[in-house]
Amino acid sequence: MSDAPFAPWVLRGEAIAVLAGRRRQRAILPDGVQTAPGPALVVANRWTSSPVGPFLQLSVAEPARIGLRLGWCRTLVVVDHPQARLGHRLNWGVPAELGTLRWLATEDRRELVWEERDLVLRADPTGPPLPIALPVRSIQQRADGPVVVPGRLLAKGRAARPQLEVPADDELAPLAGRHLGVVLRGVSELVREARHPVGLLATLLAPAQVGEPALRDVVAR
C-alpha cells in the first residue's frame, strides 16, 4: 500500500489532557502488556496538520509497561478520519475506531463531543500559558507482538479542571467528573516508528510497520 500513512508522524494542533484516577475501573490491557500504577489519561485532540490531513481524536490510555519500559497503553481511540484510523492500527497497533466528533471553541473554552456515546469533554483554562516539552512513550500490542512507540510533545499549556460527562450506562462512566488537566495550544507531536522491546539490537532492528499479511488484516477490519 504505497498510500498507507506510515510512521513517523508529525501532528500539529491543540488538545485537552486529563488525568482521571478516582472511581475508575482499569481497562483490560492486551496480551504482553502489563499494568502500571497511576491514573488514566484522557486526551481530546484537534489536529490541524498531520500526514492524513486534519482530524479530531479522543483517546483513553492506561499506565502500562513492558518489562521495565513504562508508558501509556491506549485502550480506546476514536477518530473522524478513515486514514487516521488506518494509520493508528497499521503503525502502532492502536485499536482506533471511527466516530462522529465535534470540536467547539468559544473564547478560552475548548470542548470535544463524541456524538455516538453522548460523551463531552470540556475545559476552561486558567493562568498564563507555560511551555511544555515532554517525551511520550506508548506501549501497544501490534499484529506482530508488543511494541514500544517513542515520541515527543511540544506545546504551551494552561492549567484547567476539565469536566468529563459520560452517560451512566457507558463503560467509561467511572471516568466522569472533574479532574486535573491542561489545555494545550500550539501542539507539535512527533510519533515515531514502533519498535519491539526485546533486547537492545532487536529494539533497533524491528520493522517500522506490520508485515504484508498483518497489513491485510488491519485494512480488512
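Worth pointing out:
- Applied to the stretch 125-136, the Karplus parametrisation 6.51 cos²θ - 1.76 cosθ + 1.60 on θ = phi - 60° returns per-residue 3J(HN,Hα) values of x, 10, x, x, x, 10, x, 10, 9, 9, x, 10 Hz, with x for Gly and Pro.
- For the chain, built as a Gaussian network whose Cα springs stay under 10 Å, the top-fluctuating residue of 59, 138, 49: 49
- Net charge, residue 12 excluded, C-beta distance under 14 Å - Lys, Arg +1, Asp, Glu -1: +2
- Considering only the stretch 9-209, percent of DSSP beta bridges that pair antiparallel, nearest 5: 95 percent
- In terms of overall dimensions, the C-alpha atoms belonging to the chain reach 46, 36, 35 Å along their principal axes, ordered largest to smallest.
- Helix-only CD estimate at 222 nm, as mean residue ellipticity for the chain, using -39500 (n - 2.57) per DSSP H run (n ≥ 4): -3500 deg cm²/dmol
- Positive-end residue, the chain charge dipole about Cα centroid, Cβ charges, pick of 7, 160, 76: 160
- Among 121, 190, a tally of other beta-carbon atoms within 10 Å of each Cβ gives an order, fewest to most, of 190, 121.
- Here 16, 28 are placed in order of increasing Cβ neighbour count within 10 Å, fewest first, which gives 28, 16.
Throughout, read-outs are computed from the coordinates displayed, never taken from laboratory work. Just so you know, these numbers come straight off a predicted model, no measurement behind them. Using ideal geometry, Cβ is built from the backbone for each residue, glycine included, and neighbour counts are taken over all protein chains shown.
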